[in-house]
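Read through the structure below, which is laid out as structure tokens, and then see the notes.
The values are calculated or read from the model by the stated rules, or taken from the named source; none is laboratory data. The model shown is predicted, which means the values in this text are computed figures rather than measured ones. A quick note on method: Cβ atoms are made from the backbone with ideal geometry, for glycine too, and the neighbour counts reach across all protein chains shown.
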Amino acid sequence: MSPNFAVFTEQLFKKRPTKRVSIRRNVLNLSLPVLLSSLFQRLVSIVDIFIVGGLGAAAIAATGLGQLLIFVVMTVFWGLATGATVVIAHLWGGGRRAEARRAAFAACLACAGMAIVASFLGWYFGEELARFLGAKEDVLNFAAGYVKLVFLYFAFTAGLNILSAIMHGAGNTRTPMEGIILVNILHVLIAYPLVYGKFGFPQLGVTGAAYAINISELCGFLYLLVQALRKNYIKIGKPDLPLFRRVWQVGYPVALERIAQQSGQLFYSKFIISYGTAAYAAHQIGLSIESLSFMPGAGMGIAASTLMGQALRPQDQQGTDQP
């Protein structure tokens, strides 16, 4: 056997497995925190459903309707978040980190503007949409206050989402996980006393659940914002419209896909509500449990987007922009 052939076989069988192991480790390190983040983010809605369950079927149905309307509005923000993750990952992996920070700031500004519009529409038309879906008066009595409150502070929900997406693009999935865990802990500590009037708190019923979501997501948003600025993921300055166009070009097909999906859920809910409040309440409980099965795929998808973008090297793009 020639020396050259021996060297070739050694490289073939020793280096490639090491590379595969490294890729698997990176996927695992990125996807596990995202999986936990997605799980805990979904738990906020699930916990709300089960906490208000003691108030009866109408309370469960009202909470479920409010969450459905939030999910419908969030479709556009999920598209924006996906575009931000992909574009920032490409720029970050290509060494153009100053551009990545400008793209992050442009995404944040777009998110803020869209959140203002969404809050206005949800505040004024959320109850009417619930009525259009077929909610009876007993459900509307609970839903009116819940829907108005969650939309009034909707900017914190959207901000939490976009800041997580920015950090995912930069390869940091741990900090968003910490933020959503903080949200869950605060949510449980606040929701139960406010819903049932325990430990000296006023009994606010379903409205108390909305206050719990708003307060906990405000704290989570502030935590991620401080971390994003401290870790220098965002550069505040003049909006970079070309970078925002890149973000939106990637994100709008995702938004359209989610709009189609959630629109189907909207009309399916109208069909279920026609069977009565108890039927829709049972449907919401089933959906809450089923939604946990979606989380592993979400984690792997975000990890794949980040890894593919960051696999770029500076020579793969025109120019570099190291910090």
**Prompt:** List, please: which pairs have Cβ atoms under 6 Å, are six or more places apart or on different chains, and start with a residue in region 252-263 that is in contact (Cβ under 8 Å) with a residue 60 or more places away in the chain and end with one that is polar (S, T, N, Q) and part of a helix (DSSP H, G or I)?
**Reply:** Val254/Thr82; Ala255/Thr75; Arg258/Thr75; Ile259/Thr75; Gln262/Thr75
**Qualifying position, being under 18 Å from the mean Cα position of the chain (by Cα), within 16 Å of Ile51 (Cβ to Cβ) and at pLDDT 90 or above, among Leu224, Leu186** = Leu186
**Request:** Answer yes if at least one residue in region 190-201 is among the hydroxyl-bearing types (Ser, Thr, Tyr), out of contact with any Leu (no Cβ under 9 Å at 6 or more places or on another chain) and assigned to a helix (DSSP H, G or I), and no otherwise.
**Result:** yes
**Fill in**
When Pro202 is run through (1) out of contact with any Pro (no Cβ under 8 Å at 6 or more places or on another chain); (2) at pLDDT 90 or above; (3) closer than 26 Å to Asn141 by Cβ, the failure sits at (2)
**Request:** Give the residues of region 46-67 that are small (Gly, Ala, Ser) and either under 16 Å from His187 (Cβ atoms) or in a helix (DSSP H, G or I) (or both), sorted by residue number.
**Result:** Gly53, Gly54, Ala57, Ala58, Ala59, Ala61, Ala62, Gly64, Gly66
**Message:** Looking at region 70-97, I want the residues that are over 13 Å from Ala158 (Cβ atoms) and have a partner that is of a type in the set (Phe, Trp, Tyr) and assigned to a helix (DSSP H, G or I) with Cβ atoms under 6 Å, at least 6 apart or on another chain. Which pairs are those?
**Reply:** Gly83/Trp248
**Request:** With respect to Gly179, determine if the residue is among the small types (Gly, Ala, Ser), modelled with pLDDT of 90 or more and either surrounded by 24 or more Cβ atoms within 10 Å (Cβ to Cβ) or under 16 Å from the mean Cα position of the chain (by Cα) (or both).
**Result:** yes
**Fill in**
If you go through Ala135, Ala130, Ala143, the only one that is at pLDDT below 90, within 21 Å of Val73 (Cα to Cα), not in a helix (DSSP H, G or I) and not basic (Lys, Arg) is Ala135
**Request:** From (1) within 22 Å of Val254 (Cα to Cα); (2) crowded, with 20+ Cβ neighbours inside 10 Å, pick out the condition that doesn't hold for Ile116.
**Result:** (2)
**Request:** Could you pull out the residue among Asn172, Asn161 that is polar (S, T, N, Q) and assigned to a helix (DSSP H, G or I)?
**Result:** Asn161
**Asked** Does at least one position in region 191-213 carry a residue that is crowded, with 20+ Cβ neighbours inside 10 Å, among the charged types (D, E, K, R) and on the phi < 0 side of the Ramachandran plot?
**Response** no
**Prompt:** Scanning region 217-236 for residues that are assigned to a loop (DSSP other than H, G, I, E, B) and among the β-branched types (Val, Ile, Thr), which turns out surrounded by the most Cβ atoms within 10 Å (Cβ to Cβ)?
**Reply:** Ile234
